[in-house]
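Student: Got a structure for you, written out below as C-alpha cells; questions coming shortly.
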Amino acid sequence: MRAILSVSDKTGLIDLARGLRALGVSLYSTGGTKKALADAGVDVHSISDITGFPEILDGRVKTLHPKVHGGILARRDLADHVAQLAEHGIEPIDLVVVNLYPFVQTIRRAGVSLQDALEQIDIGGPTMIRASAKNFPGVTIVVDPADYGIVLEEMRGGEVRPETRKRLAQKAFQHTASYDTAIAQYLREPEDIFPAEATLAMTKVMDLRYGENPHQKAALYRESFGTGGGITSATQHAGDLSYNNILDFDAALNIVKDFSAPTVVIIKHNNPCGLCSDDSLPLAYQKALEGDPVSAFGGIVGLNRLVDQATAEVIKPTHYDGIVAPGYSPEAMAILKGKRGLRILEVDMAAGGNNPLALDMDIKRVSGGFLFQTKDALPEGQVSLKTVTRREPTEEEVRELLFGWRAVKHVKSNGIVIVKSHALLGMGAGQPNRVTSVKIALERAGAAAAGSVLASDAFFPFSDGVELAAKGGVRAIIQPGGSLRDQETIEMANKYGVAMVFTGQRHFKH
C-alpha cells in the first residue's frame, strides 16, 4: 500500500506517518513535508522516486505527473485501467494526505505583494485532492488533521470504510472550493462588488438545539475568511446559545458598535427596547432599562465598554437571556455568572485589521437565491442636516437628533424612535404605516415625551404623524425628507413650533 503525504499544516503529521509505517504503508512526500518526516526518523521516499523526474520551477511542479495521477485515478474495479497501469509501470496510490499552501495567512500579512500571494496559490495540492476525491471508492483522501485518528483506526481494522471515504471526499471537495473562493475574492477588483458569479466559504461554529422554533434544525457558521470581532468569533463564558439568542446578540452588538460614547442597549425580538449613551456605564444601563422595563425582561443586553462591578450590580436584579460586551472585570464576571441561565459573550469589538478577503455585505435569503447589498454604514460625522422649518433646532436638540438618527437605523421599518437625554424613551417598529409607529412610540414614552425629539427612518408620507408627535410633546424631528407632501409636513411642524431637519438619507431596515 502506498501513500502520498504533502501538507502545509503539519499538525499530527509525525504520529500519522509513524502509524502508517507500522501498518507497512510506503510513504512518499515532497519538500518540507519530506524533510519533517526524515528529521523525525520516519522512513519516507521522494515523489521523484515515483515520477522519475525532479521537482522543477522552484517547486511549482512536483506531483503533476501521470505516474502520480494515474496511480490515484485508476479504477481498481476496471480490468482495462489495471492493465494500463501495468503497461506504463504505474503503481496504485491508496492514500493521499494533503492540505494546501497558506494562501489566506499570507495575504493577511501587512505589505504582502501580489507576487508573494501568487506563490501561495497551490496547484499540485488541489489537483491531487480532487483526483483522490473523485476516485474515493478506491482512494482515501484526507485534508484535515482532525481525521488522522479515524483513518488510522479503520486501517488497523483492515481498511478505511467506504462511508468514511465518501465523507472524506465530500470534505475534500469543500476544502478546495473554499480555497478557490479565497483566491477569487483576493483577485477581485475593489469596485467589482457584485461579480457575475460568487461563492461563500463558511466554517461551522456549532450545532444549535433547534432553529427559531423547536421543529426547525439549525447551526451557526462563520465566514471562513472574515475579520473576526463578530458574534461568531465571540468567547462564550456561560450558557447555551439558541438560534434566537444569536440573532438578538448580533443586533445588540451591531448597535453598540455604532456609538462611540459609552452605550448600553437592551434587545427584544431583534429590536432595541432600551438604548442610552452616557459618560457612566451604570447610568447608561439604568436609563436604557427605563425605556421599557417590561419588554426588557428576558432580553439581551449589549455594552460597548468593559463591564465593571458597578455595572454588573445594576444589571443583576433584572432577568435577561444574555449579555455581550468587549470584556468583564473579575468581580463583574462573578456577579453575572451567579445569574441563572444568563448567556455571557465577550467580543473583541476592535477586531478586523488587514483582511483583503473581507466581504462587507448584508446578505438575505430569498426563494431560489440571495439578495446582496452594501452595509448601511455611515460614520457619525457624515450626516448633513438641513433645517426646513422656521425654528432652528438648538445645539442640544441637534445632539439628541443625531443620537436618534443613529438609533433608528437599527429599528425595523417603519421605524420611529422618541429620544431625550441620549436615551430611547419609546420605539415603534415594523408597522405597516408610519403614523401607527408614532402612536406606539409615544404611548411607550408617555409623559416623558414632553421636550423630546423624534427620528423617523424614512419620510412622512402625510402630515398626520408630525401632528401626532407635536401633540405628544416632541420638540424636534429628524427625517430623510423627499415626500411629495413634504411642504404639508413642514407647515404642520411650523404650526406647533417644532424644529425639523432633513438628512437626505434613508434608513430602511426590513
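The values are calculated or read from the model by the stated rules, or taken from the named source; none is laboratory data. Predicted model only: the values in this text are computed from it and were never measured. A quick note on method: Cβ atoms are made from the backbone with ideal geometry, for glycine too, and the neighbour counts reach across all protein chains shown.
Student: Might you let me know whether segment 374-381 holds any residue that is surrounded by fewer than 18 Cβ atoms within 10 Å (Cβ to Cβ), assigned to a strand (DSSP E or B) and not acidic (D, E)? Spell out how you get there, then give the answer.
Tutor: Here is the first cut: in segment 374-381, the ones surrounded by fewer than 18 Cβ atoms within 10 Å (Cβ to Cβ) are 374-381.
In the following step, the residues that additionally are assigned to a strand (DSSP E or B) were identified as 374.
Filter once more, keeping what is not acidic (D, E): 374.
Within segment 374-381, one or more residues are surrounded by fewer than 18 Cβ atoms within 10 Å (Cβ to Cβ), assigned to a strand (DSSP E or B) and not acidic (D, E).
Student: Hey, another quick one. Given (1) touching a residue at least 40 places away in the same chain (Cβ under 8 Å); (2) under 23 Å from P461 (Cβ atoms); (3) surrounded by 14 or more Cβ atoms within 10 Å (Cβ to Cβ), where does K386 come up short, assuming only one miss?
Tutor: That leaves (3) as the condition not met.
Student: Does D362 qualify as being modelled with pLDDT under 95, part of a strand (DSSP E or B) and within 30 Å of H237 (Cα to Cα)? Outline the logic, then answer.
Tutor: Working: modelled with pLDDT under 95: yes; part of a strand (DSSP E or B): yes; within 30 Å of H237 (Cα to Cα): yes.
Spelling it out, D362 is indeed modelled with pLDDT under 95, part of a strand (DSSP E or B) and within 30 Å of H237 (Cα to Cα).
Student: On to the next question. Any idea which of (1) under 25 Å from S48 (Cβ atoms); (2) touching a residue at least 60 places away in the same chain (Cβ under 8 Å) is the one I129 doesn't satisfy?
Tutor: Result: I129 passes all but (2).
Student: Go through segment 309-359 and give me each residue that's touching a Gly at 6+ places or on another chain (Cβ under 9 Å), outside any loop (DSSP other than H, G, I, E, B) and surrounded by fewer than 20 Cβ atoms within 10 Å (Cβ to Cβ).
Tutor: Hit for segment 309-359 is E346, nothing else.
Student: Related question: For the list (1) surrounded by fewer than 18 Cβ atoms within 10 Å (Cβ to Cβ); (2) assigned by TED's automatic domain parsing to the domain that holds R340, I need the number of the one condition that P214 fails.
Tutor: So P214 meets the others, but not (2).
Student: For the condition surrounded by fewer than 19 Cβ atoms within 10 Å (Cβ to Cβ), in contact with a helix residue (DSSP H, G or I) (Cβ under 8 Å, 6 or more places away or on another chain), outside any helix (DSSP H, G or I) and not basic (K, R), what is the one hit in E91, E159?
Tutor: E91
Student: Could you tell me which residue of segment 465-501 is nearest to the chain's Cα centre (by Cα), considering only residues that are surrounded by fewer than 22 Cβ atoms within 10 Å (Cβ to Cβ) and under 16 Å from V417 (Cα atoms)?
Tutor: If we filter segment 465-501 for residues that are surrounded by fewer than 22 Cβ atoms within 10 Å (Cβ to Cβ), which is where we start, we get 467-468, 470-473, 480-488, 490-491, 494-497.
In the following step, the residues that additionally are under 16 Å from V417 (Cα atoms) were identified as 467-468, 470-473, 480.
Details: E467: 42, L468: 40, A470: 41, K471: 43, G472: 41, G473: 41, P480: 30 Å.
Per the stated criteria, the residue is P480.
Student: From the residues in segment 191-211 that are over 20 Å from the mean Cα position of the chain (by Cα) and not charged (D, E, K, R), which one is surrounded by the fewest Cβ atoms within 10 Å (Cβ to Cβ)?
Tutor: Among them, the one singled out is A196.
Student: On to the next question. Of the numbered conditions (1) within 30 Å of A196 (Cβ to Cβ); (2) modelled with pLDDT of 85 or more, L342 satisfies every one except a single condition; which is it?
Tutor: (1)
Student: Can you tell me which residue among L37, L27, L13 is touching a residue at least 60 places away in the same chain (Cβ under 8 Å) and buried (at least 16 other Cβ atoms within 10 Å of the Cβ)? So that I can check it myself, show each step before the final result.
Tutor: Numbers: L37 fails: touching a residue at least 60 places away in the same chain (Cβ under 8 Å); L27 fails: touching a residue at least 60 places away in the same chain (Cβ under 8 Å).
Selected residue: L13, the only one of L37, L27, L13 that is touching a residue at least 60 places away in the same chain (Cβ under 8 Å) and buried (at least 16 other Cβ atoms within 10 Å of the Cβ).
Student: Hey, among L168, L118, which residue is free of Cβ contacts under 8 Å to residues at least 12 places away in the same chain and either surrounded by 19 or more Cβ atoms within 10 Å (Cβ to Cβ) or under 29 Å from the mean Cα position of the chain (by Cα) (or both)? Can you show your working first?
Tutor: Working: L168 fails: free of Cβ contacts under 8 Å to residues at least 12 places away in the same chain.
The unique qualifying residue is L118.
Student: Consider F194 against the criteria (1) under 28 Å from V324 (Cα atoms); (2) touching a residue at least 12 places away in the same chain (Cβ under 8 Å); (3) part of a loop (DSSP other than H, G, I, E, B); (4) not hydroxyl-bearing (S, T, Y): it satisfies all of them except one. Which criterion is unmet?
Tutor: Unmet condition: (1).
Student: Oh, and also: Go through T235, T181 for me and flag whichever is under 19 Å from the mean Cα position of the chain (by Cα), over 16 Å from G299 (Cα atoms) and surrounded by 18 or more Cβ atoms within 10 Å (Cβ to Cβ). Steps first, answer last, please.
Tutor: Numbers: T235 fails: surrounded by 18 or more Cβ atoms within 10 Å (Cβ to Cβ).
The match here is T181.
Student: On to the next question. So the check is Cβ under 6 Å with 6+ separation or different chains; which pairs have a first residue in segment 140-160 that's assigned by TED's automatic domain parsing to the domain that holds I129 and a second one that's polar (S, T, N, Q) and not in a helix (DSSP H, G or I)?
Tutor: Listed pairs, sorted by first residue: V143/N99; P145/T11; V160/T140.
Student: Could you list all residues from segment 34-69 that are within 17 Å of G89 (Cα to Cα), in a helix (DSSP H, G or I) and either of a type outside the set (G, A, S) or in contact with a His (Cβ under 9 Å, 6 or more places away or on another chain) (or both)?
Tutor: Passing the criteria: D49, I50, T51, P66, K67, V68, H69.
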